[in-house]
Amino acid sequence: MDLTLGPEPVLRYKDKVAVLTGGTKGIGAAIVRLFVRHGAKVVFCAKEEAAKELEAELMPSGQGNFLYVRCDVTREEDIKRLIEMTVERYGKIDCLINNAGWHPPEQTIDDTSAEDFRSLLNLNLIGYFLTAKYALPHLRKTKGTIINLSSLVGLIGQSSAIPYVATKGAITAMTKAMAVDESRHGVRVNGISPGNIWTPLWEDLSCASSNPEAMIQGGRDAQLMGRMGTAEECAQAALYLASEGTFCTGVDLLLTGGAELNYGCKNQTLSRSSIYH
């Protein structure tokens, strides 16, 4: 819900320039919508030409401005171009939100090749590093902020997901190291580690499983609150860190519904069906 002052909404990020990777669906699209609604100029990107629906939705409703750029974050030249186009269009960068990434289907170490691992590292981790590298000269001028989307599993682990967990743990560690280095320039660097958030990727992964209904119910039951989070709740957390969280740096914000708390049935010798039921 928008904060209000009299009849007009308070625009929490008015005239700020934000760059977002992986912005056409799920958490990324929710962040684009919220930042534009709060007056930001948002440059968002994705690998595919998949922005037309979101652009049509934003056109009549936003208080801010937006630009879609096609960008493959595994290609350094694409990342350079993304940053250059942002500065060329809007003259500055106040916020970088690294969100582009992927969670492969369940996979054991025996079935994971070195090339599989390298490919995921390139997308989930090196892409974040390079986008920050090229955005930082501009963020230092504005004393801006970086927000890295990580995952709770980078902290607590996850079965059948060794490469993914490794990339997310590295993102969280990199966020803290970057916060230390960039504090001398007045740049804040924070992370958000969501738990189970219902997104198109979660839906795809559940559909690819042997028992989608059980997987989805297990996803709900993993939280103390008995539900998955929403992409919109992630967007609200990102807006807080960008706009109001001015004394936050090096923070790993756990957006998890309490999934990391309390004892639970974690016996991996049990079958999946007995764990979920």
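Annotation: Leu121 carries an accessible surface of approximately 60 Å², with a 1.4 Å probe and no ligand, DNA or RNA atoms counted. For the chain, a Kirkwood hydrodynamic radius built from all Cα pairs, placed in the Stokes-Einstein relation at 25 °C and 0.890 mPa s, yields a translational diffusion coefficient of 127 µm²/s.
DSSP beta bridges confined to the chain are antiparallel in about 5 percent of cases.
Distance between the C-alpha centres of the range 182-258 and the range 75-93: 27 Å, rounded to the whole angstrom. For the chain, the Cys residues with no second cysteine's beta carbon closer than 4.7 Å are Cys95, Cys207, Cys234, Cys248, Cys265. Pairwise Cα distances in the range 114-195 exceed 17 Å for 47 percent of all pairs.
Distance between the pseudo-spin-label points of Arg184 and Lys266 (7 Å out from Cα toward the beta carbon): 3.9 nm.
Accessible surface calculations at 1.4 Å, restricted to protein heavy atoms, place the chain at 51 Å² per residue. Each other residue within a Cβ distance under 9 Å of Thr142 adds +1 if Lys or Arg and -1 if Asp or Glu, for a net charge of +4. Would you work out what percent of the accessible area of the range 11-168, with all protein chains in place, is carbon or sulfur (probe 1.4 Å)? Solvent-exposed carbon and sulfur of the range 11-168 make up 50 percent of the total. Computed with a 1.4 Å probe over protein heavy atoms only, the accessible area of Arg140 comes to about 90 Å². Diffusion of the range 135-277 by Stokes-Einstein, at 4 °C in a medium of 1.567 mPa s and with Rh set to the Kirkwood radius over alpha-carbon pairs, works out to 78 µm²/s. For the range 170-217, what is the Kirkwood hydrodynamic radius in Å, using each pair of distinct C-alpha atoms? Evaluated over the range 170-217, this radius sits at 13.4 Å.
What residue among Cys248, Cys71, Cys265 has the largest mean-square fluctuation in a Gaussian network model of the chain, using Cα springs under 10 Å? It is Cys265.
Considering only Leu96, Leu239, Leu20, the Gaussian network model of the chain with Cα springs below 10 Å gives its largest mean-square fluctuation to Leu239. Can you tell me the orientation of helix 26-37 relative to the chain, as the angle in degrees between its alpha-carbon axis and the longest Cα principal axis, to the nearest 10? Between helix and principal axis, roughly 30 degrees. Placing dummy labels 7 Å off each Cα toward the beta-carbon, the span from Cys207 to Phe129 is 3.4 nm. Other residues lying with their Cβ under 15 Å from the Cβ of Ile162 contribute a combined charge of -3, Lys and Arg counting +1, Asp and Glu -1.
When only Cα pairs below 8 angstrom with a gap of at least 6 residues are kept, the chain shows a relative contact order of 18 percent.
For the range 84-129, the set of chymotrypsin sites (Phe, Trp or Tyr not before Pro) satisfying both a DSSP loop assignment and a count of at most 14 other C-beta atoms within 10 Å is given as Trp102. Distance between the modelled labels on Phe247 and Arg89, one decimal in nanometres: 3.6 nm (7 Å Cα→Cβ projection).
The values are calculated or read from the model by the stated rules, or taken from the named source; none is laboratory data. This one's a predicted model, so the numbers in the text were calculated from it and none came from an experiment. When we count neighbours, we look across all protein chains shown, and the Cβ atoms used for this are built from the backbone with ideal geometry, even at glycine. In case anyone asks, the SASA skips ligands and DNA or RNA and just uses the protein heavy atoms, side chains included. Shrake-Rupley method; radii C 1.70, N 1.55, O 1.52, S 1.80 Å.
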